[in-house]
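Note sheet for the following structure.
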Amino acid sequence: MARQSYALTYPQLVLQAVRKNYDEASLVRLRRAQEAALRLLDGFYRAQDTPFICHLTRTASIAMEHGASVDTVLAALLHAVYMFGIFRDGKAGGMTEAHRREIRNQFGEQVDGLIADYMKLKFHEMDFLKATLESCATLSRRERDVLLIGLSNELEDYLDLQMVFRRGARYKEAIEKNGPLMIGLAKALGHASLAEELSAAFQNSLRSSVPDAAKCDRLGAYEQAEHFRMRRGRLRIFLSRIKQLVLHKLFIQR
């Protein structure tokens, strides 16, 4: 699949799933995951001012195209819910037992476990990437699936020069430091075409630029102020904002 045809919308994702011969039960689960992603991340945007759901959808699309199981595709579609999702208890983000139980009840233990393991990935640390690459031959199926989500997320981040549009993002240093390791990891996992796409996306980002006036000065995941103020209580709003800033530093900042 050419990168231009990765899904950005739900209909595109479903059409891709149909081409991949998803059965009716799998399509139903995909629809439910889309609805959950919309509900949990309603009103969120990426730093480049694109709806967060588009990032989730394309990450799932990339994973699907590169051979992910249905559970792994669902986890890719929901991979950020424990970082930023607003659950039924009104709390923003957090991998609490209540939040995990909500996902398990809807999508099963495998999907919840993949998302939880994805949260633990130290994907932008050189030592982690080196160690994972060295132990690739002994990785379990689940570990490989989690890494495929991570690589799919990484490719999605760099498609359309998205990182170039993020003011202050240290993407060049990140590419030069960890890019070759990620490409090597994709190859070692048996995803040669994904490795090629990562390499192309990294190189395009390194040699491209946009005017400073066109760059976005935003958090990696943010809400419009009007949406954020809908939460009740000044203390809750303040604590939610602090949590967002911490998560931004831990998971999103390059």
Would you work out if the chain is rounded, prolate or oblate? Take a ≥ b ≥ c from the square roots of the eigenvalues of the alpha-carbon gyration tensor; rounded if a/c is under 1.5, else prolate when a/b is larger than b/c, oblate otherwise. rounded
Count, lysine Cα pairs under 18 Å in the chain, 8 or more residues apart or across chains: 12
Any chance you could check the Cα centroid distance between the stretch 40-66 and the stretch 112-168 for me, in angstrom? 16
Using the Karplus equation 6.51 cos²θ - 1.76 cosθ + 1.60 (θ = phi - 60°), what ³J(HN,Hα) coupling, rounded to whole Hz, does each residue of the stretch 93-100 give in order, writing x for Gly and Pro? x, x, 8, 7, 5, 5, 5, 5
In the stretch 49-143, carbon and sulfur make up what percent of the accessible area (probe 1.4 Å)? 50
Using the heavy atoms of the protein chains alone and a 1.4 angstrom probe, what is the accessible area of the chain per residue in square angstrom? 47
Per-residue ellipticity at 222 nm for the chain, helices alone: DSSP H runs ≥ 4 residues times -39500 (n - 2.57), over residue total, nearest 500 deg cm²/dmol? -19000 deg cm²/dmol
Just read off the accessible area of LYS122 with the full protein assembly in place, 1.4 Å probe, to the nearest 10 Å². 110
Residue-wise HN-Hα coupling along the stretch 46-58, computed from phi with Karplus coefficients 6.51, -1.76, 1.60 (Hz; x: Gly, Pro): 7, 4, 8, 6, 9, x, 4, 4, 5, 4, 5, 5, 6
For VAL14 the rounded accessible area (nearest 10 Å², probe 1.4 Å, non-protein molecules ignored) is 30
Solvent-accessible surface (1.4 angstrom probe) belonging to HIS66, in square angstrom, nearest 10: 20
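The values are calculated or read from the model by the stated rules, or taken from the named source; none is laboratory data. Since this is a predicted model, take the numbers as computed values, not measurements. To get the accessible areas, we keep the full protein, side chains included, count just its heavy atoms, and leave off ligands, DNA and RNA. Shrake-Rupley method; radii C 1.70, N 1.55, O 1.52, S 1.80 Å.
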